[in-house]
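Each remark here refers to the structure printed beneath this line.
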Amino acid sequence: MLRKLAFLTAMLTASVSVSSQAMAQSVDLEFGYTARETRPTTDNDLFLLPIGLTWSRPDGGTRVEFLLAARNENFSGAYPATFGVEALYFKDYGPHRVAGGVRVNHASDITTTGELLAGYEYFGGNYSLRGTAGYWTSKAVVPGRTDTSGLAGVMEATWYPGPKMAVRLGLQADEDGSMAGLGLEYQIGRSDFSIAAEVGYGLGTYRGQNSYENLAVTIRWTPGGGSPKARDRMLGDRLLHRYAWVQ
């Protein structure tokens, strides 16, 4: 299954390069730190550097994101300690958006995981609603999880109280439990930069642990889409967002 997901990712990436002449291309960059609940033998905190490419059309677009990441304990080891790629195709019908995507992540000292996802998004005047469901698989059992595959889903509502701010509230669920998520994103001045903070909290037991927590802080650079609302509409990347990774 992982080989199939990697093949789908490669094919979608290749199709993007072929069709890019007919679409507008944009690049975005993030730098973030995620403090995750420590598993029995692993410090799960992560430094993240995602780099995204989006080819947009009047009625949708295609996005590919590459990820480099490292945990605190990886800085004395081989690089890159964690890397991944995800690809998303989305189609707009007025305020409605439908999408399909794939994601593959590899952690050198844990395992390799893959996801196949489908999503829906609605854009209102000062709010947006989105839901994503999919199937995930891993080469080995991830610490705290009970199996090497399963189903997962995320629902999220975003309120834009002003042109520079987004407040997000969501729920994530899979076979190993569920999490509630709360996030805030704010555009810095009139620049293309924004800063975001988000917390995910396990409802009951998640991944075999009570009160599981996931805290993330991110600085984002999105040329032409510095406001959270413009970014959400232009990139579509919230459709692939999780409050806690598979691994």
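Since every read-out is calculated from the coordinates, none of them should be taken as a lab result. The model shown is predicted, which means the values in this text are computed figures rather than measured ones. Counting neighbours? That spans all protein chains shown, and the Cβs are built from the backbone with ideal geometry, glycine included.
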Discussion item. Run the simple label-point estimate for Tyr201 and Leu68 please: 7 Å along Cα→C-beta, distance reported in nm.
Written reply: 3.6
Fill in: In the range 148-221, trypsin sites (Lys or Arg not before Pro) in a DSSP loop with at most 12 other beta-carbon atoms within 10 Å
Arg190
Worksheet item: Once both labels are modelled 7 Å past Cα along the beta-carbon direction, what's the Leu169-Tyr120 spacing in nm?
Response: 2.1
Worksheet item: Can you pull the three principal axis extents for the Cα set of the range 104-247, in Å, largest first?
Response: 45, 30, 25
